[in-house]
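Asks: Take a look at this one; I'll ask things after.
The values are calculated or read from the model by the stated rules, or taken from the named source; none is laboratory data. Remember, it's a predicted structure, so these values are computed and weren't measured experimentally. Quick reminder, even Gly has a Cβ in these numbers, built from the backbone with ideal geometry, and neighbours come from all protein chains shown.
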């Protein structure tokens, strides 16, 4: 285990006004694994990463890095002694140093006589050959982020922390750089913790993803598992698109507008069905629907249809629609309703 | 459209006339005087002008003040940016810079003069020497360095220092390798300003040498003496001295700007700022500076203003209201107060008007001519006050007669009038509203004015309904920023005032040097009180703006 968090909490402010940002996180990042914390802004993912880095102090809980306790009762290792690599969202390239001085700085602090040589070598590997002696501020955003990456890797850390490293870059560069980061990390057998709000970025390079919401880690799984078996409605709708339809359960079966959907033992009560756009299709008979729009998107066609008052999305390989739907796969949740007295 | 062009032409004409009277003619007069020198006269003029001591003293004063301001200012700036301080301490750091330097000079004379100062013996320093000037000016200018450093450090995003921590740097290494190097451009800029201010300062060295038996002369006091002693032979000498004064006065800021440009980086703004830490020792240090540089002198002048005979101790028998009653019933004070109020009000209003016009032309029209005019209008603020005063004196000390078509003649008779002082003050400080208006216009997206135009407003309507209301807060601040220094101006006034145009600065100067130091202390307290009211008004204006 490279990084282990147990019961970690963090609040800002105190008393009644305290803002609980991280509400008890348990997390293990394996050796040589790319692990992503994914969630909307304000969900506590960056705070979690900064507590691992040592830039924030947890209120409670323990953190181990490479088997060594860095946060434990009576023990708090400062960031400079944790031996991590970190890339910041804002690049944090020091403008008063040249490119190579930026990269070599961690080695200089460790009195490595070959700091400059090693930094130049690493700059080559991240695709900045010959730019070592340029002033750092003269680089483009993408180049600055490569410098930042090289600086994080120069001490050959076992754990690399990436705090929204690509969000300040444009789309094409983002894809190129994230592939490069993944390659570098796998070649060096690094454990990587990536923090991002971009689900595509998370899905494309992660071994496992932890989805955070409101300071809580809602689900940890591999990308396919998250998409196919979301454990909470939040995870379902945050990863990919999720359709919702209201339905009722009667005598062990689910119905929408009196159309039988599937068997489901349980109380007789209103329920909500959640399903992906590709888990529903047009059929000869089924749930009646009205076509609202149709967009041809190349590999598939996207339909927006309404079912009663509700709207859903259908992604289909065929571009033909009909007036009935069939749901192939769905999740069923009970809906909280007013109590019987009311 | 024709009307619009006519209006703009009128604005440009007004700007040109102002610039001619306030900048071009005075500086031209300096050059003419210089050109009139004959080579064979040069040794005599030079010999009379300076004995080398003034030049050396001015250089030492500059370097000494630079050393003191950085010695105190850099740690203060780091503390302001990185240590959690009580609000009054953080605000109090500005105080020594806001108190007029001649007020603190009067205070330090009372505190540390060699015969009967309140602290004499405690402070190993002869206040009447060059060291005294360095001490008083250094304390006065320290906040400028401290606030520059603080501003630079506050703009460093926290991630810059965090990246160093994660890379393995401890707090000391971060300060040495990351934080201070990034404050270097700000330090260079402030060093240029400090050198220029020290070279140009007149009130501090003059007051300290006026009471001394063997005064240390500097360039600014020599210029004043040369003109006082003999107007005829003094003028060429003064012009030569003024030329020397331009070297540090204008050269230093340019040199340091160039060095700053060669460092060639700007700290990227944005991101979270660094969280300040609790460090009681540092907070105490900042408090000590505020106490020594601001509270102690203020207390000294207040006590001095109630002291019947300065130097005879501060026992109950020697304290009383007499100095206040005497001064407040003195006709000279009433006249000076009236003059200073009229002049400061008029100059602040005129400078705001001129600054708005010049700034609008430069920022919105932006032709080379408009930008050139705006740059020229900043000159009187950039050169030392003594040089500007000398130029205005040479240019306007006689009546100037314009004859039009052999028939109409206009006589411009400014010497010894309030008009001349008003022109001088306006010329000196027009740069402040000009910069304020330009900055406000720059941050105001042109689309705001374009939207008004599309809505149907003409140029006048756009200016009246959109531009002016949006610029109003900036102009209000600028008005106070001009009013306050004009109200207690000394350097220009001492050269340009006539027998009937005494102002507060010159009256204070006269009282302290020749007449009655207790009365001078009373006047100093009055000046500080008015400045305090002005600052409060400025603060209130800003707060009300924040509330709406």
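Asks: Can you tell me which residue is modelled with the lowest pLDDT among those in the stretch A:141-171 that are under 12 Å from residue A:201 (Cα atoms) and away from chain B (no Cβ under 14 Å)?
Replies: A:171
Asks: Return a yes/no flag: does the stretch A:33-42 have any residue that is more than 22 Å from residue A:214 (Cβ to Cβ) and either more than 10 Å from chain B (Cβ to nearest Cβ) or in contact (Cβ under 8 Å) with a residue 40 or more places away in the chain (or both).
Replies: Looking through the stretch A:33-42, at least one residue is more than 22 Å from residue A:214 (Cβ to Cβ) and either more than 10 Å from chain B (Cβ to nearest Cβ) or in contact (Cβ under 8 Å) with a residue 40 or more places away in the chain (or both).
Asks: From B:175, B:207, B:184, grab the single residue that is assigned to a helix (DSSP H, G or I), away from chain A (no Cβ under 12 Å) and touching a helix residue (DSSP H, G or I) at 6+ places or on another chain (Cβ under 7 Å).
Replies: B:207
Asks: Being out of contact with any helix residue (DSSP H, G or I) (no Cβ under 6 Å at 6 or more places or on another chain), exposed (fewer than 15 other Cβ atoms within 10 Å of the Cβ) and not in a loop (DSSP other than H, G, I, E, B) is true for just one of A:6, A:16. Which residue is that?
Replies: The conditions single out A:16.
Asks: I need the full set of residues from the stretch A:59-85 which are away from chain B (no Cβ under 14 Å) and either crowded, with 22+ Cβ neighbours inside 10 Å or farther than 22 Å from residue A:218 by Cβ (or both), in order please.
Replies: Across the stretch A:59-85, the qualifying residues are A:63, A:64, A:66, A:67, A:68, A:69, A:71, A:72, A:73, A:74, A:75.
Asks: Moving on. Which residues, taken from the stretch B:225-245, are surrounded by 18 or more Cβ atoms within 10 Å (Cβ to Cβ) and touching a residue at least 40 places away in the same chain (Cβ under 8 Å)?
Replies: B:226, B:227, B:235, B:236, B:237, B:238, B:239, B:240, B:241, B:242, B:244, B:245
Asks: For the stretch A:69-87, how many residues are under 26 Å from residue A:142 (Cα atoms) and assigned to a loop (DSSP other than H, G, I, E, B)?
Replies: Within the stretch A:69-87, residues that are under 26 Å from residue A:142 (Cα atoms) and assigned to a loop (DSSP other than H, G, I, E, B) number 2.
Asks: Here's a follow-up. Go over the candidates B:333, B:358, B:338 one by one and state the one that is closer than 17 Å to residue B:503 by Cα, in contact (Cβ under 8 Å) with a residue 60 or more places away in the chain and part of a helix (DSSP H, G or I).
Replies: B:333
Asks: Okay, next question. Could you count how many residues in the stretch B:440-461 are under 23 Å from residue B:373 (Cα atoms) and surrounded by 14 or more Cβ atoms within 10 Å (Cβ to Cβ)?
Replies: Adding up the residues that qualify gives 4.
Asks: Suppose we filter A:176, A:121 for residues that are more than 19 Å from residue A:36 (Cα to Cα), part of a helix (DSSP H, G or I) and under 32 Å from the mean Cα position of the chain (by Cα); which single one remains?
Replies: The unique qualifying residue is A:121.
Asks: All but one of (1) surrounded by 15 or more Cβ atoms within 10 Å (Cβ to Cβ); (2) over 30 Å from residue A:24 (Cα atoms); (3) away from chain B (no Cβ under 14 Å) hold for residue A:113; which doesn't?
Replies: So the condition that residue A:113 fails would be (1).
Asks: Among residues belonging to the stretch B:162-172 that are touching a helix residue (DSSP H, G or I) at 6+ places or on another chain (Cβ under 8 Å) and assigned to a helix (DSSP H, G or I), point out the one that is farthest from the other protein chains (Cβ to nearest Cβ).
Replies: Per the criteria, the residue is B:164.
Asks: If we scan the stretch B:109-123, do we find a residue that is in contact with a strand residue (DSSP E or B) (Cβ under 9 Å, 6 or more places away or on another chain), more than 21 Å from residue B:256 (Cα to Cα) and surrounded by 24 or more Cβ atoms within 10 Å (Cβ to Cβ)?
Replies: yes
Asks: Output the residues belonging to the stretch A:273-287 that are touching a strand residue (DSSP E or B) at 6+ places or on another chain (Cβ under 6 Å) and surrounded by 16 or more Cβ atoms within 10 Å (Cβ to Cβ).
Replies: Residues satisfying the conditions are A:273, A:274, A:275, A:277, A:278, A:280, A:281, A:286, A:287.
Asks: Residues that are more than 30 Å from residue A:45 (Cβ to Cβ), at least 2 per element: which strands (runs of 3 or more DSSP E) completely within the stretch A:205-297 meet that?
Replies: Answer list for the stretch A:205-297: A:243-250, A:253-256, A:259-263, A:270-275, A:280-283, A:290-296.
Asks: Please state which of the following conditions residue A:305 fails to meet, knowing it meets all the rest: (1) at positive phi; (2) part of a strand (DSSP E or B).
Replies: The single condition residue A:305 does not satisfy is (1).
Asks: Taking the condition within 14 Å of chain A (Cβ to nearest Cβ) and either surrounded by 20 or more Cβ atoms within 10 Å (Cβ to Cβ) or at pLDDT 85 or above (or both), does residue B:136 pass?
Replies: no
Asks: Looking only at the stretch A:126-136, decide whether some residue is in a helix (DSSP H, G or I) and either modelled with pLDDT of 90 or more or within 13 Å of another protein chain (Cβ to nearest Cβ) (or both).
Replies: Looking for residues that are in a helix (DSSP H, G or I) and either modelled with pLDDT of 90 or more or within 13 Å of another protein chain (Cβ to nearest Cβ) (or both), one finds at least one in the stretch A:126-136, hence yes.
Asks: Given (1) within 17 Å of residue B:252 (Cβ to Cβ); (2) surrounded by fewer than 24 Cβ atoms within 10 Å (Cβ to Cβ); (3) away from chain A (no Cβ under 12 Å), where does residue B:215 come up short, assuming only one miss?
Replies: With (1) within 17 Å of residue B:252 (Cβ to Cβ); (2) surrounded by fewer than 24 Cβ atoms within 10 Å (Cβ to Cβ); (3) away from chain A (no Cβ under 12 Å) applied to residue B:215, the lone miss is (1).
Asks: Give the stretch A:88-109 a look and list any residue that's outside any loop (DSSP other than H, G, I, E, B) and in contact (Cβ under 8 Å) with a residue 40 or more places away in the chain, or say none.
Replies: A:99, A:102, A:103, A:104, A:105, A:106, A:107
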